[in-house]
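Every read-out reported here was derived from the displayed coordinates using simple, explicitly stated rules and does not represent laboratory data. What you see is a predicted model; the values in this text were computed from it and never measured. Cβ placement follows ideal geometry from the backbone for every residue including glycine, while neighbour counts extend to all protein chains displayed.
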Amino acid sequence: MKNIGIVWFRNDLRLLDNEAFTNACQSSDFVLPVYVFDTRTFLGKTSKHGFPKTDHHRAQFTIESVNDLRQSLLKRGSNLIVRVGIPEEIIAEIANITKASWVFCNREMTSEEIIVQDNLEKNLWKMGRELVFSRGKMLYYTADLPFPVMHTPDIFTSFRKEVEKFVDVRCPLEIPNNLKYNPNLNIEIGNIPTIKDFGYNEVNHHSQFKGGESQAVKQLKYYLWDTKHIKNYKESRNELLGWDYSTKFSAWLASGSISPKYIYHEIKKFEKEFGSNESTYWVGFELLWRDFFRLIGKKYGNKIFQEAGLASKDVRYTGSEHDFKMWCQGTTGIPFVDANMRELNITGFMSNRGRQNVASFLCKDLNISWVKGAEYFESKLIDYDPCSNYGNWNYVAGVGNDPREDRYFNVIGQGKRYDDSGKYIKHWLPELKELPNEFIHSPWLLNANDQAKYQVVLGKDYPTPIVDMKYLQKLI
Ligand SMILES: Cc1cc2nc3c(=O)[nH]c(=O)nc-3n(C[C@H](O)[C@H](O)[C@H](O)COP(=O)(O)OP(=O)(O)OC[C@H]3O[C@@H](n4cnc5c(N)ncnc54)[C@H](O)[C@@H]3O)c2cc1C
């Protein structure tokens, strides 16, 4: 009797360097790839504030990613079974119908994902079948780290120094040659849902993010080999406008369409051919932040999602629901904040500089709980990742464990520093396009004559600030 292994694709929508997929191909006679759109994720709400858990940009991106995965499998003589529902029930049912011996998957480690994999494991055990876990999210393997996960240093720099000194990044796994698909298994293939099935209208692509492994590999090739933008990454990474100032790998990393190990080794190849500099090093440095937050998430468990954060700090927030709404809409009357929030709402993306600023503004200036902001990001971001999102919010809100990370961002000073000419602001807030430099970061200073001259009537064309004027004056 031949052994059948199911591969349950989750946030690892790729064939290259996919340990679960490779394991399945090595240890089974037949391999059945499956993806389930979890209705709790695609039709559910965020836990506290009730935003759509996956807003349209990420839903569309995931649909594209799954389509791309199916095409790659088809090209190699395999296919992808697709369902919409509850993965732990559907996968167990497919295992039962096909008499599969094992289900292979990459292990997730945040609470909601753990519940799903634990439930599936129990359902499989009831049928005498097994869930086999692999790893594949990080640059480093936890087994290779010079400390147990529960002793991960709380300070990023200590963490970085230890791993860089003692650990090598393993080589990525090749795509298996034989995908061992059995077309005679009596199982319906299933259609890939459309965005309308998740309650959204067609998404107009306002950004260049398109889901799927083939797009991820294309972007890597573009950023390294075609344009060599990587050589200037350190200088350009704090810019705000355009596609090329940073790698834009995040959405593909979050969906698992590309592995960090693969990126790292491509950078090493690039350095061999074209030389290394601080910028080529710095992309790997940023990928280390991603590993760091994942390990911190593992070490502190659900604390990363709680208001008191990793530091268990009792912070009282007194800001209003009205101000939170204005922040979400990008109508606070502070152009630098509003431009960033409008970019997020229109494209599903915001630069790292922007994220730090709007996050700091929400919890430190508006005095609104960071958890609300994190939930809004969870809903909207095309690159949402539980550990990176909630981990970064912990640090910006000052409830992380690294005391040096409790920073305050003066959103007006930052706007002037990173968008001196106001080009970014004018791109996302066209109503301010006539404003000269002296007013672009503080339109509330326009008198009635200026408002007429520059065609911006405050309170009509652009909001008056929701923050006290005296307070704002101190930030200028
Ligand atoms: C409040 C807040 C929330 C965030 N939420 C997320 C999130 O949900 N998902 C996410 O991927 N990133 C998140 N980030 C981190 C960072 O803003 C994005 O990874 C980055 O802007 C994505 O653009 P890029 O791919 O061009 O990044 P690059 O600057 O090109 O960096 C390369 C890669 O390194 C990783 N990286 C860079 N900075 C960080 C960081 N601070 N923390 C973790 N990983 C990092 C990302 O995987 C990124 O793709 C958040 C940051 C803040 C301040």
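Expressed in nm to one decimal, what extension gain is obtained for the pair Lys423 and Asp461 from 0.36 nm per residue of sequence separation less their Cα-Cα distance? The partial results should precede the final answer.
Numbers: separation 38, 0.36 × 38 = 13.68 nm, distance 1.85 nm.
Fully extending the segment from Lys423 to Asp461 adds 11.8 nm.
From a point 7 Å beyond the Cα of Val315 in the direction of its Cβ, which residues of the stretch 324-356 have a backbone N at a distance under 15 Å? Answer for the stretch 324-356: 356. Fewest neighbouring Cβ atoms within 10 Å first, the residues Ser101, Ser236 line up as Ser236, Ser101. Of all stretches in the chain that contain no GluC sites (Glu not before Pro) in a DSSP loop with at most 11 other Cβ atoms within 10 Å, the longest one is 203-476. Classify the stretch 255-297 from the C-alpha gyration tensor, please: rounded if a/c falls under 1.5, else prolate or oblate depending on whether a/b exceeds b/c. Verdict is oblate for the stretch 255-297.
Over the chain, the alpha carbon radius of gyration divided by the compact-protein estimate 2.2 N^0.38 Å works out to 1.03. What you get for the stretch 321-475, charging only the Cβ of Lys and Arg (+1) and of Asp and Glu (-1), is a dipole of about 280 debye around the Cα centre.
Shape call for the stretch 281-364 from the C-alpha gyration tensor, a ≥ b ≥ c root eigenvalues: rounded (a/c under 1.5), prolate (a/b greater than b/c) or oblate?
Oblate is the answer for the stretch 281-364, as a/c is 1.5 or above yet b/c matches or exceeds a/b.
Can you give the FRET efficiency to the nearest 0.05 for Lys126 and Ala448, using r as the Cβ-Cβ distance and R₀ = 51 Å? Efficiency, rounded to the nearest 0.05: 0.10.
Among DSSP beta bridges lying fully in the chain, give the percent that are antiparallel, nearest 5. Spell out each step's value before the answer.
On the way: 1 of 21 bridges.
Antiparallel bridges: around 5 percent, rounded to the nearest 5.
Relative to the current alpha-carbon distance between Gln71 and Tyr408, full extension at 0.36 nm per residue lengthens the span by 116.7 nm. With R₀ set to 22 Å, the beta-carbon distance separating Trp289 from Val149 gives a calculated FRET efficiency near 0.85.
For the stretch 4-136, what class follows from the C-alpha gyration tensor (a ≥ b ≥ c being the square roots of its eigenvalues): rounded when a/c is under 1.5, otherwise prolate if a/b is larger than b/c, else oblate? Note, shape of the stretch 4-136 comes out oblate.
Extending 7 Å from Cα along the Cβ direction at Glu162 and again at Glu273 yields two label points whose distance is 3.6 nm.
Does a label point 7 Å from the Cα of Trp225, set along Cα-to-beta-carbon, have any residues of the stretch 152-174 with amide nitrogen under 20 Å, and which are they? Residues 171-174 qualify, since their backbone N sits under 20 Å from the label point. Report the relative contact order of the stretch 321-475, percent, no decimals, based on alpha-carbon pairs under 8 angstrom and at least 6 residues apart. It comes to 26 percent, rounded to a whole number.
Using helices alone, what [θ] at 222 nm do you get for the chain, with -39,500 (n - 2.57) per DSSP H run of 4 or more residues, divided over all residues and rounded to the nearest 500? Numbers along the way, then the final one.
Numbers: 21 runs with 213 residues, N = 476.
Using -39500 (n - 2.57) per qualifying helix, the result is -13000 deg cm²/dmol.
By DSSP, what percent of the beta bridges with both residues in the stretch 5-114 are antiparallel, rounded to the nearest 5?
On the way: 1 of 14 bridges.
Roughly 5 percent of the beta bridges in the stretch 5-114 run antiparallel, per DSSP.
Each label was represented as a point 7 Å from its Cα along the Cα-to-Cβ direction; for Ser27 and Gln329 these points are 5.5 nm apart. Dipole check for the stretch 40-162: with +1 at the C-beta of Lys and Arg, -1 at the C-beta of Asp and Glu, and the Cα centre as origin, the magnitude is about 260 Debye.
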